[in-house]
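Report on the structure given below.
The values are calculated or read from the model by the stated rules, or taken from the named source; none is laboratory data. Not measured: the values here are computed from a predicted model. With ideal geometry, Cβ positions are generated from the backbone for all residues, glycine too; neighbour counts draw on all protein chains shown.
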Amino acid sequence: MRLYFDQMAGALAAIGVLTALAKEDNSKASKYVEVGLFETGVFLSAGSIVEQQITGMNPERSIGSSNMAYESLQASDGRWIFCGAVSEALWRKFCQAMDLTEFITNPISQRVRKLDEKAAYVKERIRERCASMPSSEMLTRLRNYGVPCAPVNDYAAVLREEQLSVPRKLVDLHVGSRMLATPGFPITSGLSKR
């Protein structure tokens with residue numbers, strides 16, 4: 001089962017709220033709960049982040065989803081671009097941006113049936129098309145059509161994000177003689193934590 005960061009952030013927020021409500025301390029500070037979406041994503045990637053620090057190599061990226069264009073796609077320069085075409089309208093824009101209009105010519109009911117039957121073929125055509133252009137061109141095309149997209153950072157770049165420089169966002173992990181950074185738990189509670 002693939003777990004999406006936004007869904008997990010919602011689940012963690014619910015846990016944080018329930019924990020705050022269960023506390024006997026009824027002060028305003030004890031009822032404050034914050035869960036960061038970015039921090040949740042980093043937390044869920046902890047195993048890969050530590051693996052990258054130990055081996056110096058990025059773990060193999062997981063690709064594929066039930067949506068045709070809601071995933072990370074690799075460009076010709078080796079960079080990965082996350083694409084968020086999650087609706088029929090965004091799928092059409094994605095196809096136009098990437099010159100894959102053959103996949104939007106059928107009415108929706110016919111197209112969905114045909115895409116479901118040919119999912120592997122469609123995904124392969126998407127990957128081929130993305131692999132034929134550099135990431136800068138891919139980003140420009142998708143942004144010009146209003147398709148949500150962003151470059152995907154490797155784990156070393158994630159660890160350099162300013163957002164993680166706040167205390168307790170990263171925790172030191174001692175592995176033999178080495179000290180590695182690993183994500184802290186993404187729930188913050190109490191007004192003093194703000």
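Against the definition (more than 21 Å from the chain's Cα centre (by Cα), in the same structural domain as Gly146 (by TED's automatic domain parsing), at pLDDT below 80 and β-branched (Val, Ile, Thr)), how does Thr105 come out, yes or no? Reasoning before the result, please.
Numbers: more than 21 Å from the chain's Cα centre (by Cα): yes; in the same structural domain as Gly146 (by TED's automatic domain parsing): yes; at pLDDT below 80: yes; β-branched (Val, Ile, Thr): yes.
Yes: the conditions hold for Thr105.
Determine if the range 66-83 includes at least one residue that is modelled with pLDDT under 80, part of a strand (DSSP E or B) and either over 30 Å from Arg178 (Cβ atoms) or in contact with a strand residue (DSSP E or B) (Cβ under 7 Å, 6 or more places away or on another chain) (or both). Yes: the range 66-83 contains one or more residues that are modelled with pLDDT under 80, part of a strand (DSSP E or B) and either over 30 Å from Arg178 (Cβ atoms) or in contact with a strand residue (DSSP E or B) (Cβ under 7 Å, 6 or more places away or on another chain) (or both).
Can you name the residue in the range 167-183 that is over 21 Å from the mean Cα position of the chain (by Cα) and closer than 20 Å to Glu34 by Cβ and is also surrounded by the fewest Cβ atoms within 10 Å (Cβ to Cβ) among such residues?
Going residue by residue through the range 167-183, those that are over 21 Å from the mean Cα position of the chain (by Cα) are 167-168, 171-180.
Within this subset, residues satisfying the condition of being closer than 20 Å to Glu34 by Cβ are 167-168, 171.
Numbers: Pro167: 7, Arg168: 11, Val171: 12.
Per the stated criteria, the residue is Pro167.
Scanning the range 131-147 for residues that are of a type outside the set (A, V, I, L, M, F, W, C) and in contact with a Pro (Cβ under 9 Å, 6 or more places away or on another chain) yields one hit, Ser135.
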